């Protein structure tokens, strides 16, 4: 699995001839992602301290059912529609991604970044080549990571900047893995795995509130 992901991260291409979908496949993918995340947190915490991973101050307190709806259903569907489904360069997917982005971020400065990105992708849609495809995979993954924390970023506070950078990197890696799944098995499987992974923060939130 690691070799397949590394090959994809270097070429943007899927190595497997047969793209099976089995519980073992998802288990391996979850294991690789969880393994990397654990090592990353441990290394960064040893260097900078665990304070770097302290939670940002939440703007609102949502109920468990609403949290489940957001994390397991809405987030996978909306985020994959914006950040992954346009990577096949189809005009309808680009337009849909831009429309959803406008709805979600219309009152945030981040929307100008997203619209600029989609404009660039639109201009490149007929000039796609392996290098541009790989560049878009990385850039969409970077935007995916930034979208989770930009509202907490304070350019006048170096501590907040460092926290955002370190907290965002695992989301960037997730973007690469989800892009691999997108090109391997399509957008629905991508959404499914996204929701499956989000069970981890959901249960963490649930346990924290119960105990």
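Cα centroids of the stretch 8-53 and the stretch 129-148: 17 Å apart. Our summary gives the chain a relative contact order of 29 percent, counting only alpha carbon pairs under 8 angstrom and 6 or more residues apart. Taking other C-beta atoms within 10 Å as the exposure proxy, 43, 102, 121, 77 rank 43, 102, 77, 121 from fewest upward. Connecting C-alpha atoms closer than 10 Å in a GNM of the chain, tell me which of 15, 151, 54 has the biggest fluctuation. Result for the chain, Cα springs under 10 Å: 54 fluctuates most.
Above 22 Å lies some portion of the pair distances; for the chain, what is it as a whole percent of all C-alpha pairs? More than 22 Å apart: 53 percent of the Cα pairs in the chain. Distances between every pair of Cα atoms in the stretch 16-119, grouped in 5 Å steps from 0 to the bin holding the largest one, split as 2, 9, 11, 12, 16, 18, 19, 10, 3, 0 percent.
Please arrange 18, 13, 80 by how many other C-beta atoms lie within 10 Å of their C-beta, fewest to most.
Details: 18 4, 13 12, 80 24.
The fewest-first ordering by Cβ neighbours comes to 18, 13, 80.
Any idea how far the Cα center of the stretch 63-107 sits from the one of the stretch 176-197, in Å? If you average the Cα positions of each part, the centres end up 13 Å apart.
For 89, 191, 158, 1, the sequence from fewest to most other C-beta atoms within 10 Å is 158, 1, 89, 191.
Readers should treat all values here as calculations from the given coordinates under stated rules, not as data from a laboratory. This structure is a prediction, so every number in the text was calculated from the model and none was measured. Quick reminder, even Gly has a Cβ in these numbers, built from the backbone with ideal geometry, and neighbours come from all protein chains shown.
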